[in-house]
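The values are calculated or read from the model by the stated rules, or taken from the named source; none is laboratory data. All figures in this text were calculated on a predicted structure; none of them were measured in a lab. For neighbour counting, all protein chains shown are included, and Cβ atoms are generated from backbone atoms with ideal geometry for every residue, glycine included. When the accessible area is computed, the model is the full protein with side chains, heavy atoms only, and any ligands, DNA or RNA have been set aside. Shrake-Rupley method; radii C 1.70, N 1.55, O 1.52, S 1.80 Å.
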Amino acid sequence: MEAVVGLLVMLLAVSHGVETKCDVRQKDGAQCYGPLGGTVFLQLKDRVPERFTIDKNNKTILRWKNNEISQNINEVKYSFTSNDGTFRINNLIRSDTDEYTLLIHNSSGVLLEERTLQLSIQAPVLSVRLVSECLSQGEKRMSCSSEGGESPQYTWTLDGRTLTEDKLLSGNYETDSITLRQEVEGDLTCSVKNHVSHLQKQKSISTCGFIFINCTDSNGTRISQWVFAANNTLCDELTTTPTAADTTVVMAGLLAALVVLLVVGGAVIYALKKKKANQLEEGGDEQELTYADVRIKQRGRVQQRANPEEVEYGQIKFSERPRRTVEPTDDDCVYAKVR
């Protein structure tokens, strides 16, 4: 009993200042929720009627007349703001759960409109706890729990996106306990809410130190399974299952290498074509053979006809001449002196 009382005191202390709103301007029989220990704002009308009363369980708790509150059984708990037509209930407790009725009258006291609403009081979620556990095959069990909240609803997200079934071995994204596949990594968030509160807890998760091996042992048996990396003795050849991020990096690297190869290949082909074009252009130029420094040496004054003179050739130069077309004639032959 003391534990229950202590929890109630804590709920009232922590939830103080928690507020909810409920719009009942166009609804009859609306369902509204208020936080235990907090405040609920009930939007009644856009235009404040001349006279109206608010009843709880057929008992008037507030009366409005002549643009002012003419009756209020508890000024600390109940209040009305004419600027926005809002009825406010403070310091909510369990007994505030009830049916409330709005009765609108004209200046003569004739009933013009009657509207009801149902108010339910709930304890807000005070805190969220997220616990992880690695299982035997590298799976990860995640448990989410809350304190203080009534009728909590759970949702899971991974890196800001709703947790999909391909990441799960068991459970779904709307349960308080799930089991993730071995390769799942990222920022995992558990959100807990009810009608009067909403809290969440985030945790960065990674693999549990397990790797996927895909090899053949000494007996020729093919092994494909998840094992704990530190204790692996099944085979030396290890193959980890690539993640989507790893695949993206590899594909980006291959694409970059392909682009570089295409650029270099194009440059080489262009250079070869340019060189060939230059060679064809230079090959069309006429060249003139020029002999220079041609000297004949004779050995002494003794003439030995059996021994030919020694001929020494100097530098030989080729000089380019402008392109021109010359018609050959029979007189263009030049004879040198022959001895």
Under the condition of being closer than 15 Å to Gln200 by Cβ and not hydroxyl-bearing (Ser, Thr, Tyr), which residue from region 152-171 is most open to solvent (accessible area, probe 1.4 Å)?
Arg161
Is there any pair linking a residue in region 184-205 that is over 26 Å from Leu36 (Cα atoms) to one that is assigned to a loop (DSSP other than H, G, I, E, B), with Cβ under 6 Å and at least six apart or on different chains, and which?
Glu185/Ser206; Gly186/Asp159; Asp187/Asp159
Subset of region 121-151, residues under 19 Å from Gly37 (Cα atoms) and surrounded by 15 or more Cβ atoms within 10 Å (Cβ to Cβ), comes to Ile121, Gln122, Ala123, Pro124, Val125, Leu126, Ser146, Glu147, Gly148, Gly149, Glu150
Could you check Glu174 against (1) open to solvent by 70 Å² or more (accessible area, probe 1.4 Å); (2) outside any loop (DSSP other than H, G, I, E, B); (3) among the acidic types (Asp, Glu) and say which number it fails?
(2)
Taking region 79-101 and keeping residues assigned to a strand (DSSP E or B) and under 14 Å from Asp46 (Cα atoms) leaves Phe80, Thr81, Thr86, Phe87
Is it the case that some residue within region 188-203 is open to solvent by 30 Å² or more (accessible area, probe 1.4 Å), in a loop (DSSP other than H, G, I, E, B) and modelled with pLDDT of 90 or more?
yes
Of all residues in region 60-99 being among the β-branched types (Val, Ile, Thr) and within 24 Å of Glu50 (Cβ to Cβ), the one that is most open to solvent (accessible area, probe 1.4 Å)
Ile73
Which one is nearest to the chain's Cα centre (by Cα) among residues in region 110-136 that are within 25 Å of Glu174 (Cβ to Cβ) and of a type in the set (S, T, N, Q)?
Ser132
Taking the conditions exactly as written (out of contact with any Asp or Glu (no Cβ under 6 Å at 6 or more places or on another chain) and assigned to a loop (DSSP other than H, G, I, E, B)), does Val131 satisfy them or not?
no
